[in-house]
Structures are given as C-alpha cells and as structure tokens.
1. Going through region 62-73 one residue at a time, which ones are of a type in the set (A, V, I, L, M, F, W, C) and either at pLDDT below 95 or in contact with a helix residue (DSSP H, G or I) (Cβ under 8 Å, 6 or more places away or on another chain) (or both)?
2. Being at pLDDT below 90 and in contact with a Ser or Thr (Cβ under 9 Å, 6 or more places away or on another chain) is the filter here; which residues of region 94-103 pass it?
3. In region 247-265, which residues are in contact (Cβ under 8 Å) with a residue 24 or more places away in the chain and of a type in the set (D, E, K, R)?
4. If I go through region 102-122 residue by residue, how many of them are under 20 Å from the mean Cα position of the chain (by Cα) and farther than 24 Å from residue 165 by Cα?
5. What do you reckon, is residue 443 open to solvent by 30 Å² or more (accessible area, probe 1.4 Å) and of a type in the set (A, V, I, L, M, F, W, C)?
6. Can you tell me which of 420, 452, 431 is at pLDDT 95 or above and in contact with a helix residue (DSSP H, G or I) (Cβ under 6 Å, 6 or more places away or on another chain)?
7. Checking residue 236 against (1) under 22 Å from the mean Cα position of the chain (by Cα); (2) without any contact (Cβ under 8 Å) to a residue 40 or more places away in the chain; (3) farther than 22 Å from residue 429 by Cβ, only one condition comes out false. Which one?
8. For region 33-61, which positions are at pLDDT 70 or above and among the hydroxyl-bearing types (Ser, Thr, Tyr)?
Amino acid sequence: MAQRENSLSRRNAASRRSFVKGLGAAAILPALTALPRWSFAEDAAAAYANASIDWKQFAGQTIALAGAIHPWSNAITPLLPEFTKLTGITVDAEFQLETTFMGALPIRLARGSNTPDVFMFTTYGQGISAGWLEPLNHYYSQRSLTDLGWYDENDLLKTARAFPLWSDGERYAVPITSEAMTLFINKDALAARNLPVPQTFDELLATAKAVKTSEMSGIAMRAQASFNSCPPALGFVFSYGGAMIKDNKAAFASPEAIAAVEMYGQLLSQAGPFGAGSYEWYHVLDDFLQGRTAMAIDSSNFATDISNPAKSRVAGQAGFATFPHLEGRAPVPFMSHWQACINSKSRNKRPAFLFLLWATSKPTSLRTAAAGLATTRVSAWSSEGFKRAFGAEAAEAALTNLQDADVDRAKAILFHPKSNLILDAFMIGVNEVVNGAKSAKDAMIGAAEQANAAIRG
C-alpha cells in the first residue's frame with residue numbers, strides 16, 4: 001500500500017511541476033512568493049487606478065447580469081457595490097438555480113430580448129450559431145475600454161486563453177471560472193477499511209463496494225437524464241479513450257464509450273445511493289457534505305463548501321484526489337470554464353464589456369479567489385488567500401486534473417451547436433444504464449442514433 005501511495009505522490013508532484021511550466025504565464029514562479037497585496041478594498045481601488053481606463057465613462061447606466069447560483073455568483077455578488085462605486089454603473093443581478101437558469105435563458109435569448117446584458121453561459125456553439133452572443137475581439141482593441149498591459153492576458157491560465165476561441169479566432173465569451181472533475185474522499189470511511197485512495201476505475205469500483213453501508217453509499221455521481229448532469233460521465237468516456245463527437249457525428253456508441261458507461265453504471269448501481277438515477281450536482285454535494293457517501297466525483301469547485309465546517313460535517317476528514325484512470329491509460333477528466341457573454345441585442349454593450357474586464361481582472365480575481373473561487377488567473381491560483389479558502393490539497397488535485405484534461409475534446413462537444421440535444425441523448429442513455437433499464441451497449445447505440453437525428457435536424 002505504501003508503495004502505491006508513494007507512486008501516487010510522485011505522480012502528483014511531477015504533474016504539478018509540469019502544470020506550472022505549462023500555465024503559460026511569464027512570471028509564475030516569482031508570483032508564488034511576491035504577489036501584490038490586494039487583499040483589502042483600498043488596495044484593490046489603487047490597483048484599478050493603475051489602469052489607463054476611464055472607469056467613470058458610463059456612470060449612471062445600469063446593466064442586467066444573470067446567471068446560476070454558483071461559486072462565481074457567490075464570490076462576485078459582494079463586490080458589485082464596489083464596481084458601482086468605481087464606475088458609477090449599477091448592476092442589476094439575478095441568479096437562479098442552475099437548471100432553472102439554463103432552461104430559461106435560451107428561450108429568452110431566442111425571443112430577441114435585450115436583457116440580460118451579461119450572462120453566464122455554457123452552450124457556446126448554440127449561442128454563436130443562433131446569433132445570441134456579441135463578438136468581443138474588437139472591444140479588446142478599444143483603448144478607451146481596455147488597457148491590455150494592465151489586464152495582462154499572460155496571467156490567464158493557458159486553458160482559459162484557449163477555451164473561448166472560436167474556429168475563426170473570434171471570442172464570444174470571457175472565461176470566469178476553472179474547474180475539472182475531481183475525486184472527493186471521506187478519509188475516515190476508507191481508513192476504517194484500511195483502503196488507499198483508488199487510482200484506477202477497477203480500484204474505484206472495488207473500494208466503493210467495500211465501503212458501502214446501509215447508512216453510507218460507496219460513491220455518488222450525477223446520473224439525471226439531462227445534459228446538465230454530463231460532466232462526470234464525460235470524464236469516464238474520455239479516460240477510456242472515447243470521444244463525444246467525431247466528424248460531426250455522435251461517437252459514444254464506440255466500444256470505448258460503451259465500456260466507460262458500463263463502468264459508470266456499475267459504480268452507481270452497485271455502490272451508489274438509493275435513487276442515483278435522479279442525482280444532479282447538488283444531490284452529490286449534499287450527500288458528501290452530510291457524510292452520506294464515502295466518495296464522490298464532481299466539480300473541483302465544490303472544495304470550498306466541502307472544507308467549510310459551517311457547511312460540511314466532513315470538513316476535517318475530506319480528501320481530494322486525481323481523477324481515476326483506466327489501467328494502461330492516462331486519466332482524462334472533463335474540464336470546463338464557465339464563461340460570461342454579452343447579449344448581442346444588448347443596449348449596453350460597452351458598459352457590459354467594462355464589467356467583464358473588471359470582473360476578470362487581476363485585483364478582482366485575487367479577491368474572489370480569497371473567497372475560494374477557482375478563477376482563471378495564475379496569480380489568483382498562486383495566492384495564499386486562495387490556498388487558505390480552497391485548501392492546499394484541493395488546489396493541487398484541481399491543478400493536476402486541469403492539466404490531465406483534454407481541452408479540444410471538451411470543446412468539441414460543448415461548442416457544438418446542438419450540444420444540449422446531443423448531451424441530453426447521451427445522459428438519457430447513461431440514466432438507463434444506471435437504472436438497469438438497458439445494457440450499456442444498447443443504451444449508447446440508441447443514444448447515438450437519437451443524437452445524430454438531432455444533428456441532422
């Protein structure tokens with residue numbers, strides 16, 4: 001057991017070193033020890049003053065901001081009065097449950113509404129093909145709006161720089177968070193059985209079955225028949241060597257994807273919670289917080305709640321680990337950046353862009369990171385405030401999982417114009433497997449046929 005743990009430690013250390021080298025920032029190592037001290041509002045105000053931007057140029061205007069109840073909305077909301085003080089722009093913010101927001105927003109945009117001006121967004125391809133999203137490249141070149149030297153795009157994580165780029169090089173969004181699927185461990189539950197942290201999928205299944213009791217499931221993951229539940233399952237497909245889209249066709253009827261979904265179904269049917277087929281992310285998180293599951297796989301952004309004793313009964317015994325892998329293959333967890341976009345019909349596009357610039361700038365990112373938000377900034381990830389709020393072990397696991405992820409495979413499905421319909425079909429199939437209604441092969445063949453029908457229109 002010690003040999004396996006030492007091997008894992010060496011792998012994680014090597015991964016973190018290579019990740020730091022690959023972040024793409026010119027000065028990350030000095031940043032680790034000499035970060036600017038923008039922990040307090042007055043220091044942040046001085047930092048904004050250093051920008052060659054007239055922050056008051058849109059004073060008196062109001063912008064509507066919409067999004068999901070999410071770590072980003074929780075972190076940015078307390079800072080909105082300071083944005084108003086800095087710019088004179090009022091932000092009318094509305095945040096809803098994620099499923100409610102993601103269901104209602106496309107309907108609103110399809111009707112041609114000029115609000116919200118700014119909104120959180122994930123279905124990039126749908127938004128671009130429908131003309132809902134404002135192209136942003138030309139805003140970055142406007143000197144009255146943007147001080148590129150001050151904004152310092154080299155400080156952005158390499159994945160955050162690549163993620164919003166469309167095939168023609170245009171940007172229609174600004175990344176606001178960074179997350180990767182991460183394995184959460186109740187250390188006490190595993191220690192009671194003298195079990196190490198599982199590394200492979202086979203070990204994950206064996207461990208989950210071994211620790212399952214009448215009061216505690218072995219593992220919890222999303223399995224609801226909805227596109228919003230797909231992130232953990234996508235990591236299984238990618239890690240088994242599969243893809244979601246290939247040559248503009250659904251690719252999840254492949255042997256690799258079928259094997260991945262079969263494992264996903266075995267985990268939840270044999271070691272998951274009662275009613276696993278109805279689980280969304282908030283069910284997974286709540287089960288882990290309340291000590292009702294020994295392990296879970298979901299967003300790295302859950303770390304702030306998991307490590308918070310005011311919210312979590314397992315804060316002192318929670319562990320964070322790299323995504324499992326198939327024997328002989330490297331892990332490929334699903335990763336993503338929540339993005340924020342400007343409504344192409346907005347009447348307040350320039351003040352909306354100024355808001356996005358402010359919200360993703362270095363000083364703002366350092367402050368949201370201190371609240372535990374996994375931002376898109378190297379300087380924020382490296383800050384002591386983030387490490388304290390997020391947890392050093394959680395940050396290391398998230399960094400490793402971000403490094404192991406495949407941005408192109410994630411973008412191929414997320415940016416497809418029919419992504420929601422494709423992912424709906426996929427998760428209906430996954431749900432059928434979890435509930436025992438179909439074999440993985442039958443479910444994935446049927447799901448791919450449904451997805452391809454949607455692609456053909």
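The values are calculated or read from the model by the stated rules, or taken from the named source; none is laboratory data. Quick caveat: nothing in here was measured; it's all calculated off a predicted structure. Cβ sites come from the backbone with ideal geometry, for glycine too, and all protein chains shown count toward neighbours. Quick note on the areas: whole protein, heavy atoms, side chains included, nothing else; ligands and nucleic acids left out. Shrake-Rupley method; radii C 1.70, N 1.55, O 1.52, S 1.80 Å.
1. Going through region 62-73, the residues of a type in the set (A, V, I, L, M, F, W, C) turn out to be 63-66, 68-69, 72.
Passing the criteria: 63, 65, 66, 68, 69, 72.
2. Step one: of region 94-103, the residues at pLDDT below 90 are 98-99.
99 - this is the single residue of region 94-103 that is at pLDDT below 90 and in contact with a Ser or Thr (Cβ under 9 Å, 6 or more places away or on another chain).
3. Of everything in region 247-265, those that are in contact (Cβ under 8 Å) with a residue 24 or more places away in the chain and of a type in the set (D, E, K, R) turn out to be 249, 262.
4. Here the count works out to 1.
5. No; evaluated as a whole, the condition is false for this residue.
6. Numbers: 420 fails: at pLDDT 95 or above; 452 fails: in contact with a helix residue (DSSP H, G or I) (Cβ under 6 Å, 6 or more places away or on another chain).
Step by step, each of 420, 452, 431 is checked, and only 431 is at pLDDT 95 or above and in contact with a helix residue (DSSP H, G or I) (Cβ under 6 Å, 6 or more places away or on another chain).
7. Checking residue 236 against (1) under 22 Å from the mean Cα position of the chain (by Cα); (2) without any contact (Cβ under 8 Å) to a residue 40 or more places away in the chain; (3) farther than 22 Å from residue 429 by Cβ, the one that fails is (3).
8. 48, 52
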